[in-house]
Every structure is written in structure tokens, then in C-alpha cells.
Amino acid sequence: MRINWKDIEIKWRQKWNENKDFETNPNDKPKKFITVAYPYPNSPQHIGHGRTYTLADVHARFYRMQGFNVLFPMGFHYTGTPILGMAKRVEANDKELINNLKNLYGVPEESIKTFVEPVKIASYFHQEIKAGMIEMGYSIDWRREFTTIDPVYSKFIEWQINTLREKNLIIQGSHPVGWCPKDQNPVSQHDTLGDVEPDFTEYILIKFKYEDYIIPTATLRPETIFGVVNLWVNPEIIYKKITVDDEKWIVSAECAYKLEFLDKKITYDGEIKGSELIGKSAIVPHRNESIVMLPASFVESGTGTGMVMSVPAHAPFDHQALEDLKKAKIAPELASLVNKIMPISIIQTEGYGENPAKEAVERFGVKDQSDPKLEEATKEVYGKEFYGGKLKSNTGQFAGIKVAYAKDTIKDWLIKNKHAGILLELTNTPVKCRCGAECVVKVLNNQWFLNYGEKDWKKLATKCFDSMNILPQEIRTEFNYVIGWLRERACARQHGLGTKLPWDKDWIVESLSDSVIYMAYYTISKFVNNGTLKAEKLSKEFFDYIFLDTGDANKISVITGIQENTINEIKKEFQYFYPVDSRHSGRDLVPNHLTFFVLNHVAIFPESNWPKEIVVNGSVLMNGSKMSKSMGNIIPLRKAIQDYGADPIRLAIIISAELLQDADFNMESVSGIQNKIESLFDECSRLKAERLETLEAEDRWIKSKTQNMISQVTLAVEKMRLREALHDILFAFESDLSWYMKRANAKNRSNVSGILHEVNSIRIAMLSPFAPHIAEEMWEKLGHIGMVSTSRWPEFSQSNVDATAIQSEEYLKSTIDDIAKILKVTKITPQKISIYTADSFKSKIYHSILEKIMTGQTNMGIIMKELISSPDTQEIKKNPDFVQKTIKDILSDPTEIRRTKLESMDFDEKSFLVNELAEIGKKEFGVEIQVFSESDSDIYDPKDKARHARPFKPAILIE
RNA sequence: GCGGGAGUCGCCCAGCCUGGUCAAAGGCGUAGGGCUUAGGACCCUAUCUCUUAGGAGUUCGUGGGUUCAAAUCCCACCUCCCGCACCA
């Protein structure tokens, strides 16, 4: 039957709503507090967002059915810059953006007009996203909803950030950022044309002296200062004379401009042509040695300072420029200076001789200094020397040190002796701001940082991680790694929506810092929404009392004007629900949000309120590739729900991959799921609850298998291996049931509805967290009273497991299998089939061998000896082949099966086959099947097959 | 570079944690059959090689090792993907 997903979904959502099933208040049951990273409402949700929320919802619904009082809330993260950027683009009438809003996101024209106001964007998509979450059937307590610009939230963030500052975890310092000089604002990927991340690098400026000027040269390899033999100047460039702080420098105009942003005072004093510097000498700072300035065309004004120090032994460009100069027509005085220059080799690297630059240039066949091959040669020499090179004895105190270590050491030494400075420069120029201006690197010197580099803080966080449950386990090492490298992190910015820093109102709390302990806020947002709490009344004392349990309710009541018992009720709410039992998020938040979440919790809350668990999921691919606007393969979640129904989407997302894997989503799999659910639905509509008085073998078997399934599925869900759990519910059950039906049909049974009803009721209950709407409908069809989502999760009961039933059914299957195999190989059409089971002596031997193997003995010789030494079993020496094969049989069984076989020694193969094989065998093969024991006196055995019989492996004769 | 993950039978993908039920689930594709006026959908059967008796051989990136037994554990190597910050 075709299912009308939409009607069913609306019907059950309404009932959940009426019953207030997901509105959670403290009670005397044990609680679970499940949270997911709240959405940033700058676009509608797509399937990818749906994954994280669906996983969390399944988790919440599962715990609810297990009898926990589950709180699953949701908020909306308005804070941040992308929305601000969007608003600006709307204001600037950005065609691309408006087109996307209109066509891709389906935003009505009137709404777009209001988008010049950032809050309007956020609230539009907030409602859009919320509607999608409701349509997906998420079991959210909406009474606790909030946004991060609500006044009370701001008070909460002020409290958070003040608390951190009191603990000396917030510091002030300088920090480089990508910067738009026109907007006077830091830029990130969201703010640039083409969405490029401004990428910058740190050059060391070596200060060479020339008259009373300093000529700084920029280098990434400060260690090569020991090999400098001349400087390179481009004669075509007109350099600027500038004063930098108290020094007079000569640099290119571009460099001077860059320096303006690097927290330096610059004044412009005049100009000098490059050509005027040629032939003049400069002093190498650390050894006061005079070197000559020479002309080179490869020197660019836009890179570094427009001046380059020359290390011809290790820098292919320098080597080549010298060679070019030797060949060029230049003034004789200059030529004689050039000819005097000898490269100084300062790094020993395996694979290179005295002059690595020269060797590389020759090997690459470089023509002149404009040859692009020089880049490759440079890369090679630099790479090999950096990782494999050691400094030679002519580097003084640094001799013998590996280049990779020496670099930083020498940098520090040069800066300490005032021989060097720092220049920060973009490496992926030009980076253009969305406003069109070209970006630069700027050093912000009054930036506020959260001091995540603090050792004791890290220690505390590590302690928390160690005691936490991390799912999946593989991601744990990644967290440890992140904690390791984390340093200070800017926690305030100057633009965007958000809460102002309480002590410095020019700054706004940065959006990754105002979203780390907000789970606690869910416990009070209920009181904000019902009007109990008002922002203006809330003080530090209030939050301290609620969240840290310090202070005096009476005094706080006086300060805030809130009734004392209300204050205590709120505190109780927090104390009941905290700590967070499970935090869900995508894996992209591992190195930032999730780690900060732990860091901030351990900083603010006592250990008893530290989070218990983190669950991390991978992203969603669409037909194997990443979803992106440009690919046009973004499926908006609400559209997908419209087209396919919420439950099929939920199932398809979960079945497509295990937690951390990227889930490859495709529409075919959704319709596959739909078909599957439809047939399950039909099945449920037919079944009636009936009592069955006497159970047959297959009844005991399917009941046992169902118990196995319950424990398997429960275990999988507990570990958030939802794909596996769902697979078992949907498919593994199916194959068990189809065997059961085969057996029942062979016997022409008409009394199986009761058993099937029982099994499928369990199945539907377990399906309910995954596909909540349709499970309710099926539950109703099965005739159950009440909601499946509030019913009890099926519990494993050992008393319903009949090991013998499982084993004997396996025995039946393998016997049928063997017959089928023989038929396949021999291609004969059977007239008659005879089965011979092993006699009791063989059974005795079998068990004897099984016991020996269970103790670890697998050696044929020893087993044989032991068998012969016992009078009971010594006769077996006439049949060593049997022992050999039996050992092999047993070894190929898994351990659990061996154990059951050991337990069920009294299993009578012959009578079981007589009772069970005949009907199904007739159905399968169309002929009569006779069963004998090899010791039967009236045995029919014309081909002498019976003697081959082994326990659990009867001999077969097909005629 | 640092850190993490992955490589499975035509393709996608499970199994690996907890070794034996593994020639290895499921899906797609392919072939045959059923249903149907036809197409689609659906259902059944087959899908590494050899085999007229339930068997054997060769397979899970490559090469070693541990074990009675390895896709699974250990070591080395090759290849691919992702993250590395002030941004949600």
C-alpha cells in the first residue's frame, strides 16, 4: 500500500504536541540531557544539517523509551559575522547573493528587502529551520527555545566572560589578522571575494646597515645569514626612505604600506632610486662585515622589502643572479667586485656537496634568473636542507644544529640582538574584500584572548576528556591532539551581533566563545520564556547561585526582586538536568567548538557538572560529492521532507553510513527505504495478537532470535552505532522472518499470526526512535494502546532464549544446504533422499573431542592418544579419519556454537530431523526424505553412505 | 611537516574493536525466470575459479610476522582523503 507520509506525520506530531510528550520538567526519574550544537541561521537547513540533529533525536528518543526523563532542547545562534556580511551584501545589492536567496533558498522578495538588517536574516532563517526541525519530528522541548541575542542570554554571557576573567583566563595582547583597510575590519573567508581565506606568513627582516640607514631584507631562512655575500637591489625600483619607530629604513613603497598596519609608526622622508644603491656597500649586522649591493631583476617590489640578501651557496636565485651578472655588460669596477664574490657554504646536507644551489641549478637546467625552473630548484634545496641539513662549523654557536631547529633559535637570537625584525605578509595575494579593497595583514595590539595555552587549564580539560565517553572512540586522539596545540584564542571582535565585553564596550564577545556553556542556559530559558526572569534584574550573584551554588538565596532575592522560592526552583532545575549527558555535533567542530566546550566547562563548573559524553558524526555527501552551492546539489531539508516524507529521510541518512563516516546520500536509497517501510506497514496491518498454546521448533527459534536481536540492537544504539542497529531492525530481522515463514508454510500452519505479531511489535518499538511517525502508525495498526514513543524499549530476557532451538534450526538449515549443494554439483534430479545421522558412539567421541578442544588442545596426535587411552573411546582407533574431520568441524565453529553444543549433549538428531525435515524437504526438493540413524537395524543404505555420518553432519544419499 | 581516517569479490559499501558461523551481509549492475497488453515497479534464482556428492583452489592495498586458525592481531611499506585556528 502507498503510504501518505504527510498525513501520518501531521497526525502523530499533533498527538505528541497535545500530550506534551517532549516537554520535560524535573521529576524523580533518572534524567538524560541530550544537546546538539544549535544552528547558525544564515541559510535554510539542508540534508547535511539534518544528520546531526537526527542522530541526536534518535538518541533522545531511545533514552526516553528506556525510562529516562530526557531533556532535548534547541536554541539559535544569531551571533557572528557571516550574517552581518550577508546584510551588507544585500544592501550593496549583490546579484549573486540575492539570486541565491531568491532561487536556491526560496526567500520571498519582501523578506529579502528587510535583509539589510542582520537580525531580520537571522530571524527569517530561524523560523525556517525551526519549521524543518518540527517537520522532521525532532522531540524537542520548544518551551526552552532562545536566541543568542536575547537580553537574558547576554546577561548570561557577561557572567560567563566575567567569571573567566576573574580566573585570569582572559588576557590582552597583539595578534595578526587579515584586514580590510577600507572597512577597518578583520576579514575571514566569508568576507572576501571568491571566499579565499587570507593566508599569511612571517618573514624575518635582517637589518643591514647602509650609511645611517637600515636596509631590511625579508627572508624565511634566517639561518642563512651566515652565508650572505651580497645584497640584491632592483635598479628599476624607486625605494622609499622612511622612519620606522626610531630607525631610518629604505624599503619599497609596497613594503612601507604593509608596515603601516604592523603596529609601527611610519613617516615618509623621501625616495631613492635602486640604481643609486648599486655598487654601494652595506654592513652585515652580526659580523660587521661590508658587502656590496648588486642589481637583480628577480627582485620584486611587492614581495618582502624589495631588497634581498644573497646566499648563493644555498639559494638558487642568488646563485643564478650572480652567474647572470658575470655574463652581463657592466661597469668594470662593479665587475671586479662581482668576480671577487665567493659563495659561503654553511649547511651540510646528505646528497649535496659544497654548493647545493649551484648543483640544483645545473641539474634543473636553469637558463637565467627569470626561468620558472628556479622556483622548483629552490623548493627542492629548501626542503632537503630544512629537514635533513645541519649547520656547519662556520656558524659559530649554532654549529651542528639541524636546520629545522636552528631556524627559530637563530631568529630569536637575531631579534634579541636587534639585528632583525618581523614582517607579516599575505601569501595568497591579491585577497580582495567583498567591498573591493585589497586586504593586508594587520597586527591588532589590544585584542582580548582566552588563554587556552595555559597549562593547568589544559590539564583540567584533559582530565575531563579522560573521564568522558567519546563516540566514536577513534576521535578521542584527535581531541588530545587539539588540546596539545591550542594557544591563546581571540575571544572578542569589533563587529557583528552579540554581547559586549562587560569591561570594554568597544568589543563584542566572539561567537565561538559565546556558545560553549549555553547548555546550562536551557535550564533557565524556560523561566525566561514564561516571563519569570527579566534581564535587567539579573546579577552576577544570581548566576553564581544558580550555576555554582554559592551565595545566599535571600540576598539574591533582595538584589533581583525575584521570589526566593522561584530562585530555588530555577536552581533545582539546573541541578537536576546538569551535567550534559551527551553533546552531539559534526566532526568539523572537533578542533574548535567541542574542545572549547570542554575547556570552558572545566574552567567554570565544578567537576560534578562536567560533560559526560561527546558524539561526533561525519558530514553528508550528495551522490558521492560534497554539497555546494556551485554544484547545485544542495537539497533543502524541508523540500526533501515534502517530496519523500520525514521518516524515509531520517532512515536514509542513518542507514547510509556509520557515525564518523561521510554519509553518501542519494534519492534512490530513499525510495528503497520507502518500499521497505511500506511492506513492513502492510505486514503490521495484517497481524493480530493471538496466544499460541504449544510452540513448535521454529516458534522457539524465532523467539530466541528476537531476543538476540534485542540485545544486539540495544548494544548498538548505546554505542550510537545507529546504522548497524537500523540495519538489524530492517534487514536482519527480515531474513530470520523469511526462514520462519518458510518453515511455517512447509507445515501449512495457519496459527503464526500471534508469533509474528509479537516479533514485529518488538521490531516496531525498536524502529520508533528512528522513524517515529510511521512507527506510531504501525503500532496503532498492531492494536497497541498508547504511543510507541512513550512505550518501553524491548528488554532482553534470557528465559526466552532457547539455545537448543537456535542450534537445531542451524542444523536443519545446514542439512538442507548440503542437499542443495550436492544437487547443484551433480545436476541430478532427485527421486529419493535418505539421511543418516551418526550413532551414539560417534556422539560420545564428538563430545570428548569438543571438550578437549575447549580446553585449548587442538593437536590431532595428542587428542587421538587420549581417546585411545580411555576404554570408553578406544575403539575409535579404527576410524582415525573421523577424528581428523571432527576436529576440523569443531574448529570451524565459532566459540559460542561450540559452547551450546557442549551444553546440549542430549540433542537427538534423528528424531529432530524426522519431525522437522520431511515437510520442508518435500517443499524444497519435491521428493520424500527418509531419516535413519546409522545404527538402525532396518536401515536402507544401498550405497554404504551411512558410515560417513558425523555428529551435526549427517550422511546423505540422493538417488 | 604535524595529526587523523581509509584502501574488501564489476561498482558502492558492511565486516576489523571482541580471530573461527567468511568466498565474505546489504545495495547497484548483469543474466535467467515470474507478474504485466507493454514499460516501470515488485518477487524469485544466479553472479571468484574448478568440480557428476555436500569438495578443492585462489582472494580482502603490498611484503613480512604471531596463531591450530588472519579481511580481523603485530611490524614495515605504498596509495588516497580530511583538519591545522580567531571562522561558523
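Values quoted throughout were computed directly from the atomic coordinates according to the rules given, and no laboratory measurement underlies them. Quantities reported herein were computed from a predicted structural model and do not represent experimental measurements. Cβ sites come from the backbone with ideal geometry, for glycine too, and all protein chains shown count toward neighbours.
Some points to look at:
- Nearest 10 degrees, 0 to 90: helix A:5-19 Cα axis against chain A principal axis: 90
- Against the main long axis of the alpha-carbon atoms of chain A, helix A:733-746 sits at an angle near 20°.
- Backbone N under 15 Å from the A:V338 label point (7 Å along Cα→Cβ), restricted to the stretch A:362-380: A:368-370
- Linear extension gain, A:K922 paired with A:K402, 0.36 nm per residue minus alpha-carbon span: 179.1 nm
- Nitroxide proxy distance, nm - points 7 Å out along Cα→Cβ at A:E668 and A:D245: 6.6
- Loop-resident sites, the stretch A:409-448, for trypsin sites (Lys or Arg not before Pro), counting at most 15 other Cβ within 10 Å (DSSP): A:K418
- Using R0 = 30 Å, the C-beta based FRET efficiency linking A:E718 and A:N529 works out to 0.35.
- R0 of 25 Å, Cβ-Cβ distance A:N859-A:I822: FRET efficiency to nearest 0.05: 0.20
- Lysine pairs within the stretch A:755-894, Cα separation less than 13 Å, 8 or more sequence positions apart or different chains: 8
- Where labels lie 7 Å past Cα in the beta-carbon direction, separation of A:A131 and A:Y257 in nm: 4.8
- With Cα atoms, 0 to 90° folded angle of helix A:840-854 axis to chain A main axis: 20
- Take every pair of alpha-carbon atoms less than 8 Å apart whose residues are at least six positions apart; their mean separation over the length of the stretch A:272-335 yields a relative contact order of 18 percent.
- Total charge dipole magnitude, chain A, about the Cα centre, Cβ charges on Lys, Arg, Asp, Glu only, Debye to nearest 20: 480
- For the stretch A:127-245: relative contact order, % (alpha-carbon pairs under 8 angstrom, 6 or more apart): 9
- For the stretch A:862-959, chymotrypsin sites (Phe, Trp or Tyr not before Pro) meeting the loop criterion (DSSP other than H, G, I, E, B) and having at most 14 other Cβ atoms within 10 Å: A:Y940.
- Charge dipole (chain A, unit charges on Cβ, about Cα centre) - positive-most of A:I8, A:S791, A:F62: A:F62
- Among A:F386, A:M864, A:A744 - extreme Cα towards positive end, dipole of chain A, charges at beta-carbon: A:F386
- Net length available on complete extension from A:I939 to A:R691 is 85.2 nm, with 0.36 nm assigned per residue and the Cα-Cα distance removed.
- Label-reachable residues, the stretch A:888-932, where backbone N falls under 12 Å from a point 7 Å from A:K742's Cα toward its Cβ: A:920-921, A:923-925
- Reachable aspartates and glutamates, given that their alpha-carbon falls under 13 Å from the alpha-carbon of A:K688 and they are not under 8 places away in the same chain: A:E758, A:E780
- As a length-normalised measure over Cα pairs under 8 Å and 6 or more apart, the relative contact order of chain A settles at 13 percent.
- Taken as Cα centroids, the stretch A:762-837 and the stretch A:209-247 sit 82 Å apart, rounded to the nearest whole angstrom.
- Helical runs assigned H by DSSP (4 residues or longer) give chain A a calculated mean residue ellipticity at 222 nm of -13500 deg cm²/dmol, each run adding -39500 (n - 2.57) before division by the residue total.
- Amide N proximity, the stretch A:230-258 versus A:T267 label position 7 Å along Cα-to-Cβ, cut-off under 15 Å: A:241-249
- Antiparallel bridge percentage (DSSP; both residues within chain A; nearest 5): 70
- At R0 = 22 Å, FRET efficiency that the Cβ-Cβ distance of A:R363 and A:L220 yields, to 0.05: 0.45
- Shown for A:D318, A:D544, A:D408, A:D150: other C-beta atoms within 10 Å of each C-beta, ranked fewest to most, produce the order A:D408, A:D544, A:D150, A:D318.
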